[in-house]
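Heads up, the thing below is written out as structure tokens.
The values are calculated or read from the model by the stated rules, or taken from the named source; none is laboratory data. In this text, all values refer to a predicted model and were calculated from it rather than measured experimentally. No Cβ is skipped: glycine too gets one built from the backbone with ideal geometry, and neighbour counts run over all protein chains shown.
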Amino acid sequence: MSRYIATRAIRGANALVSEAEAMLSQALKERGNNTSVSFPNTAYYLPVIFGMTGREIETLGQLEASLAHARKLLHPVPSDKQWTPYLGETLDSGMATLIAAETIEAIRYIYGLQPERMPGVELAGATAFTSPDADSAKEGASNGHLNGAIDDIQLRTWGIQLVDGRMPGFAAIVGCAKTNEAAVQIIRELQRRNILTFLCGNVNGRSIIDQLNEEGVELGYDTYTVPFGTDTLSAIYALGFATRSALTFGGMKGGQAREILDYNRDRVFAFVLALGEVDDLKYAAAAGAINFGFPVIADTVIPQILPTGITTYEHVVSMPWNEIDGGDDLEKAEKLVQKCIEVRGLKVQVSDVPVPVPYGSAFEGEVVRKADLRIEFGGRNSRCFEFLRMAKLDDITDGKVEVIGPDFSEVAEQGSMDMGIVIDVAGRQMESDFEPVLERQIHYFVNGASGIQHVGQRDITWIRLSAKAAEAGFDLEDFGKILHARFHSDFGAIVDKVAITIYTNPDQVGELLEEARETYDFRNKRLADLTDDAVDVFYSCTLCQSFAPNHVCVVSPERLGLCGAYNWLDCKASYNINPTGPNQPIKVGRVIDADRGYWEGTNDYAKAGSHGVVEELAMYSIMENPMTACGCFECIVMLIPEANGVMVVSREDTSITPAGMTFSTLAGMAGGGIQTPGVMGVGKFYLASPKFISADGGFPRVVWMSSVLKESMAAELQIVAEREGDAKLIDRIADERSVTSVEELLPWMEEHQHPALAMDPIF
Amino acid sequence: MSIEIPKDKWPGAVQTVTLGATAEQGGTRTKVVTIGGEQTLPFMHFESETPNRPVIAMEMSSSRPGGWSQVLQDTWGDVLDDPAKWAQACEQAGAELIVLMFGLTDADDNPITPDFAVQTVKAVLEATGLPLVVLGPGQVDIDNAILVPIADATKGERLVLGLCEEGNYRTIVAAAMANDHLVLGRTPMDVNLAKQLNILMTDMGLPRDRIIMDPTTGALGYGIEYGYSVMERLRLAALQGDAMTQLPLMVNPGFESWKTKESKVGEGVPDAWGDWAERGVHWETVTAVSLIEAGADVVVLRHPDSLTRVKESIDELMAAEPV
Amino acid sequence: MALSGIQIYKMLPQTNCKECGFPTCLAFSMKLAAKQVELGDCPYVTDESKQQLAESSAPPIRLITLKGKDAEVAVGNEVVLFRHEKKFVNRPGVLIRVADTDEKETITAKVEAATAYIVDYVGLDLKLDGFAVEAASGDAATFTAAVDAVRKSSNLPLILVGNDPAVIEAGLTVLDGEKPLIMGANAENWEAMADLAKKAETALGVEAGTLEELAELTEKIQGKGVEDMVLHPTGQGMSSSLALQTQIRRLALKNFRPLGYPTIAFAGSGGNPAKEATLAAHSICKYAGFVVLDTFSPELVYSVLVLRENIFTDPQKPIQVLPAIYEINDPKPDDPVLVTTNFSITYFSVANEVEGSGLPAWLVVADAEGMSVLTAWAAGKFDAESIAKAVKQFGVGDKVSKKVIVLPGHVAVLSGELEEELPDWEIRVGPREAVDLPGYMKSALT
């Protein structure tokens, strides 16, 4: 915590509590203890005091106790010598400020000083109130004054939208923008994103409300832009609104301060935007807002409080207007608002994919034939790659799509050209491990466009664009628009910003391709290095429980899901995107038996996830407590006792195996979520893992294997052979072309000197 | 010979949920319904008492439903045109709970409005003292548009609002929380999806005693075995102590069975199908009784004869005589 | 603790002789571990192993097969309490009861109608399994005449019901070379009934109101050399029957041999078919091996047989519909062709939605081994090739003039390949969910 901020907030709080005390004693003298106190049309008393302390304030006299409580929360201003974190003191002072501010505004309502008068203002929708002034009553509720507190009816309308996500959050703007133009742009940026905006405060007597009023910006409920008042104190209505949201929609009761504050931090995506100079009172009020988990973003130079704790991310961020990189106020406003969104962790929703051709999953399987082709990228005659990398939040601009190099207008019909698609992705929850997971989605995203066919990935990407799509106006930039929209809508939980650069200059494509390839290699190596010993979390996959109710896949870095579709990284990403979904982290915990792969955590999970059917799970054995299977397995591994080894049959192999059964008969034994020692369903890449039935002797136990596996995994299996110290190992394994019964298997193994013959008995 | 009867002792129990609120409790209902609370599999009285009997709800619509079987139309007659009268007829038929379903349009084929929805709910609440379940037509926008004002207008009644699905639960849950109502969450025949929705709804702060889950079922002949097994599994998981499955189950055998060809079509069907009207009632009854055996806490029916028959079965199943 | 297949394998001859019907000893061991076969199927197992494998040597609930003149019904062999745990193995026999006090014409008419009853359900022919003839008269001649009347009208398996062994014995004279169930043996008559069952080689029903009495009886009867028994727990009301049936199943699964037999339930309710339907449903769900109805009415029998089919479906081998082209709402040649898989629920969802919409269409059901669209696609069972094959096999091209085929939205990805496979056809991608089909057909196909 910055001592500077602490000092000023504590000083501001002390001053405000004293001011409130003075006002209260004056009011008590003039109006008496029993004068009723309330904000218009609310059932929540003075909401912040009610929420934070449980006090149901209805009369002036009751306010004394509240202020006494506020005074207790005050701390002395830090001395110059003392150097402590101050966070607790500052937050306490913030809370005291809120109580004092609400007290003052309540007294002002009694004196008819709230809602604040502002001649000429006409609100589009506002809190109805009984004016003490007969004239303004005639004018109606919306004329000649600002809004003051929000009533319960509006609270319900907006609160529900905040809670259900239709409204991403609210902004409390305090102060005055650099210029009227800037004020308007900031409001427009917020409105464009459907963010509710509350206006209050001033700088040297001039408020953003004045600025917007002068510019003819319509204010009021109907425009989601509500002017509270021109002093800082009226910001209290924003926190009253937040408190009441928790009371109404979070099921909290008055006095549940902790719960209300947590609720706001976790569910109400609000932030404070401080425009212009920040005085003591503003610091004090900001400290109050931080209690709610609402961060403060200032457009002036102030000390920042970056470490997180009370708020989700940073507490106080400074983004001086003059230093914002932008050509005009519009750009600056956009960046400032973007920053606010980032700091509060608001999720922006992108629903449409803005391209000139129809878009949807219905087009995923479309084929663009040579005759219909306008241009292709990749394939035989040109190079094409796609490369997704993680960037820092500050380094990229969300939604920016840049094409560097010529478009395809000069390329002949049915011609081809080089293209490199580089996607920069930034997000608070983004991890470099997710890069390949996200990168693989490009295929599906691009294929959704009508008239575009996407094949392959990485540097073997091949994209075809039909003449019809080109005629409809689909250009290179549209690839970027698709990716931007889809990454936001499908991966919003981990992606905050997406920027796309499309390169078409052959030189640049070549250069970047090299860079990309280095990264691909790095990622391959990273996958190879990602061992079970290197992590302390595995993931569950219960996706298949709909038909195999007691089956749980435990996915580790060295053992992918048996369907072959989910590896450890996929599960990790899936968990981050959908924390309540089918992939849950399993803390492996204490090792029970490292060889056979027993951990406390995996055993516990297997038991819970299988509803008690599986008691123990050996990750690396087929012989005891093997992993169960649903039915989606790519391969079945089965013990051949006569051969002292196992066979591996692929789903694609329909022939009879040495076990005397075909894949589909075996599937009945392997599936169903029941542990059957000796039979196991696996993903085919598990065969190449060093942990493949390592407890039982590992890969050299494989005595027979469907030829389709030998062929489709030739490279991977060769690596395994070399790892096992026998480059000819794969040739020693029989397949259905030479052996279809156990009687034929043994002589074949003898003839080919299969290592399993010399291994210890498998059981 | 003495035999030790194997008895299950489960660590978990189903949440008890009360639907409806009397005047003292902040509503206007003359009767409330309490479901859940089981500590064993259905009707295992020799292991533990069954605190609340399964409840039979009757389904009615905001206006004469299009596409209802002629058998049902003939049975109910003119009340189908008047929600208030229909609700009373349901109560007279022996319903313990009313399920009011909104269609997309009103009787004149105009799209329903929030005002129409609120008036209809109020009319039904006035016509009957039974607790009420209110279900939107199932389109997120329209559900939200009508359920929020209905929730506001009936604060404190402990209505059950639905359907909450993964895509729209937030608005309905928020509306329920703000007005002391309950919600019905529906997931498509999958234990884990049911659990996930419950997690999401309770994450919003909705207490567990205000959630009922509809795991979806199929009618006899049309996938009942999926619903049946999902319900058995949910109940087992609940008893095993998995908190997010410990919510009472409400299923709709009436809706499911009366949309089958067996119940809907009377002519041009095989002779082996037998009498149309009786077949329709058998279809609904057999579906409902089977689902009660699987753990249903509420079954929603459409035909009054089915109600009588299912009620008789529940009476028998609840008879906890010593064995 | 149950032995694993590997542990059992060690105790087998390991000769792969195949005489058990399985290709290897290991395969047989695994089936044995899953309690799906009996150890007796292995002709070479040693006595020593037999003893060690006693626990795993037989299914916990004995398989009882009743034989009529040209039909059988087998029940028992159940291994679980809940169908989702594995599956319910043998469909309960559903029989119709007649009393020998009924008029002969009544009996004949009822038996003929019930024997002839056959109803199509997703391409399966559902039928009744036989008759229970009750010796209500107590008179041997009357009973024998009734059994004879039933046997003249039907070849299905029979249950002879009565407590007087002499009367039952008389009835049995009509049934040559069959294996009926006779019932029942109770505390009073068990010895004579056991002798009769032994002599006539029938299965014997055992009746008692408590588990203790039942178990005592079965042990004594087994002592007389009768192996095939059926339990009739005579509790009153659904609650009591549920408790008894559940307890019997639980004890049997714990290898409590005296109760390791299938059960029988009588759903007849004094001529009230409404009550019979609910009781039959209750008994099918909860563990009855035979369900006996009093009423034969098509609508009642249809619902009961369908429930039996549903509850006894293997959860991992879903009910399939016959791959074929189905006509919905009398389609004309210019109506659209929709494609889906032969998983029954998928088929029903699609067929019901389209039928409900009143729009005519041709529905091509491709053989996807009974999987839903997405599952089948993921498993490679529902691809362009298999769809094209179905379209050609069912001669769809000859039935329609407008060659437009609509794919389920979930497999949009197949559209390109399908174009290759069916070059004369226009491939459209429909919605993902069946419920959106009517809307799609109205807006996109007309």
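Being surrounded by fewer than 21 Cβ atoms within 10 Å (Cβ to Cβ), facing chain C (nearest Cβ under 10 Å) and either under 24 Å from A:Leu717 (Cα atoms) or free of Cβ contacts under 8 Å to residues at least 12 places away in the same chain (or both) is true of A:Thr665. Residues in the range A:336-390 that are of a type in the set (Ser, Thr, Tyr) and free of Cβ contacts under 8 Å to residues at least 60 places away in the same chain: A:Ser382 alone. In the range C:340-354, the qualifying residues are those that are assigned to a helix (DSSP H, G or I) and more than 9 Å from chain B (Cβ to nearest Cβ), and the one that is farthest from the chain's Cα centre (by Cα) is C:Val354.
Mind listing just one residue for me: the one in the range A:749-763 that is surrounded by fewer than 19 Cβ atoms within 10 Å (Cβ to Cβ) and either in contact with a strand residue (DSSP E or B) (Cβ under 7 Å, 6 or more places away or on another chain) or closer than 14 Å to A:Ile730 by Cβ (or both) and, of those, farthest from the other protein chains (Cβ to nearest Cβ)? By that ranking, first place goes to A:Gln753. Residue-level check: of (1) crowded, with 18+ Cβ neighbours inside 10 Å; (2) away from chain B (no Cβ under 13 Å); (3) farther than 22 Å from C:Ala145 by Cβ; (4) of a type in the set (A, V, I, L, M, F, W, C), C:Leu128 misses just (2).
Yes or no, residue by residue, for (1) assigned to a loop (DSSP other than H, G, I, E, B); (2) closer than 30 Å to C:Leu158 by Cβ; (3) not assigned by TED's automatic domain parsing to the domain that holds C:Glu201:
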site: C:Leu12; (1), (2), (3): yes, no, yes
site: C:Pro23; (1), (2), (3): yes, no, yes
site: C:Gln36; (1), (2), (3): yes, yes, yes
site: C:Gly40; (1), (2), (3): no, yes, yes
site: C:Val45; (1), (2), (3): yes, no, yes
site: C:Lys69; (1), (2), (3): yes, yes, no
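Residues that are within 11 Å of chain B (Cβ to nearest Cβ) and surrounded by fewer than 20 Cβ atoms within 10 Å (Cβ to Cβ) within the range C:84-116 comprise C:Lys87, C:Ala113, C:Ala116, listed in sequence order.
Touching a strand residue (DSSP E or B) at 6+ places or on another chain (Cβ under 9 Å), part of a strand (DSSP E or B) and over 23 Å from A:Pro295 (Cβ atoms): is that true of A:Gly148 in this structure? It is false that A:Gly148 is touching a strand residue (DSSP E or B) at 6+ places or on another chain (Cβ under 9 Å), part of a strand (DSSP E or B) and over 23 Å from A:Pro295 (Cβ atoms). If you check A:Thr397, A:Thr312, A:Thr300 for being closer than 30 Å to A:Ala286 by Cα, of a type in the set (S, T, N, Q), within 23 Å of the chain's Cα centre (by Cα) and not assigned by TED's automatic domain parsing to the domain that holds A:Thr461, only one passes: A:Thr312. For the range A:254-262, the criterion of a residue being among the basic types (Lys, Arg), assigned by TED's automatic domain parsing to the domain that holds A:Ile173 and touching a helix residue (DSSP H, G or I) at 6+ places or on another chain (Cβ under 9 Å) is satisfied by no position. The number of residues in the range B:12-53 being more than 21 Å from B:Ala294 (Cβ to Cβ) and surrounded by fewer than 17 Cβ atoms within 10 Å (Cβ to Cβ) comes to 8. For the range A:641-662, the tally of residues that are in a loop (DSSP other than H, G, I, E, B) and within 11 Å of another protein chain (Cβ to nearest Cβ) stands at 9.
Residues to consider are A:Ala528, A:Ala606, A:Ala565, A:Ala573; find the one that is under 23 Å from A:Ala493 (Cβ atoms) and assigned to a helix (DSSP H, G or I). Walk me through how you get there before you give the answer.
Working: A:Ala528 fails: under 23 Å from A:Ala493 (Cβ atoms); A:Ala606 fails: under 23 Å from A:Ala493 (Cβ atoms); A:Ala565 fails: assigned to a helix (DSSP H, G or I).
Exactly one of A:Ala528, A:Ala606, A:Ala565, A:Ala573 is under 23 Å from A:Ala493 (Cβ atoms) and assigned to a helix (DSSP H, G or I), namely A:Ala573.
Counting the residues of the range B:184-221 that are at positive phi and either more than 8 Å from every other protein chain (Cβ to nearest Cβ) or among the polar types (S, T, N, Q) (or both) gives 1. Scoring C:Leu251 on the criteria (1) in contact with a helix residue (DSSP H, G or I) (Cβ under 6 Å, 6 or more places away or on another chain); (2) more than 18 Å from C:Arg97 (Cα to Cα); (3) more than 10 Å from chain B (Cβ to nearest Cβ) leaves a single failure, condition (3). Out of B:Thr30, B:Thr50, report the one residue that is closer than 18 Å to B:Val133 by Cα and among the polar types (S, T, N, Q). Among B:Thr30, B:Thr50, only B:Thr30 is closer than 18 Å to B:Val133 by Cα and among the polar types (S, T, N, Q).
With the requirement that a residue be closer than 15 Å to A:Leu275 by Cα and part of a helix (DSSP H, G or I), what does the range A:321-337 give you? Answer for the range A:321-337, where residues must be closer than 15 Å to A:Leu275 by Cα and part of a helix (DSSP H, G or I): A:Trp321, A:Asn322, A:Glu323, A:Asp329, A:Lys332, A:Ala333, A:Glu334, A:Lys335, A:Leu336, A:Val337. Regarding A:Phe692, is this residue assigned by TED's automatic domain parsing to the domain that holds A:Arg651, part of a loop (DSSP other than H, G, I, E, B) and either closer than 26 Å to A:Glu624 by Cβ or of a type in the set (Ser, Thr, Tyr) (or both)? Considered against the rule, which asks whether it is assigned by TED's automatic domain parsing to the domain that holds A:Arg651, part of a loop (DSSP other than H, G, I, E, B) and either closer than 26 Å to A:Glu624 by Cβ or of a type in the set (Ser, Thr, Tyr) (or both), A:Phe692 comes out as yes. Taken over the range A:611-620, the criterion of being crowded, with 22+ Cβ neighbours inside 10 Å and either without any contact (Cβ under 8 Å) to a residue 12 or more places away in the chain or under 22 Å from A:Gly697 (Cα atoms) (or both) is satisfied by A:Leu617, A:Ala618, A:Met619, A:Tyr620.
Just one of (1) within 34 Å of the chain's Cα centre (by Cα); (2) in a loop (DSSP other than H, G, I, E, B); (3) of a type in the set (Lys, Arg) fails for C:Lys389. It is (2).
The sole residue among C:Glu227, C:Glu276, C:Glu327 that is in a helix (DSSP H, G or I) and either more than 8 Å from chain B (Cβ to nearest Cβ) or modelled with pLDDT of 95 or more (or both) is C:Glu276.
Cβ-Cβ distances below 8 Å connect the following pairs, each with a first residue in the range C:97-117 that is over 24 Å from C:Ala170 (Cβ atoms), a second residue that is of a type outside the set (Phe, Trp, Tyr) and surrounded by fewer than 21 Cβ atoms within 10 Å (Cβ to Cβ), and a separation of six or more residues or different chains: C:Tyr117/B:Ala272; C:Tyr117/C:Lys127; C:Tyr117/C:Pro298. Annotation note: of A:Ala629, A:Ala608, the sole residue that is free of Cβ contacts under 8 Å to residues at least 60 places away in the same chain and under 26 Å from C:Pro315 (Cβ atoms) is A:Ala608.
Scanning the range C:106-132 for residues being at pLDDT 95 or above and either in a helix (DSSP H, G or I) or small (Gly, Ala, Ser) (or both) gives a total of 13.
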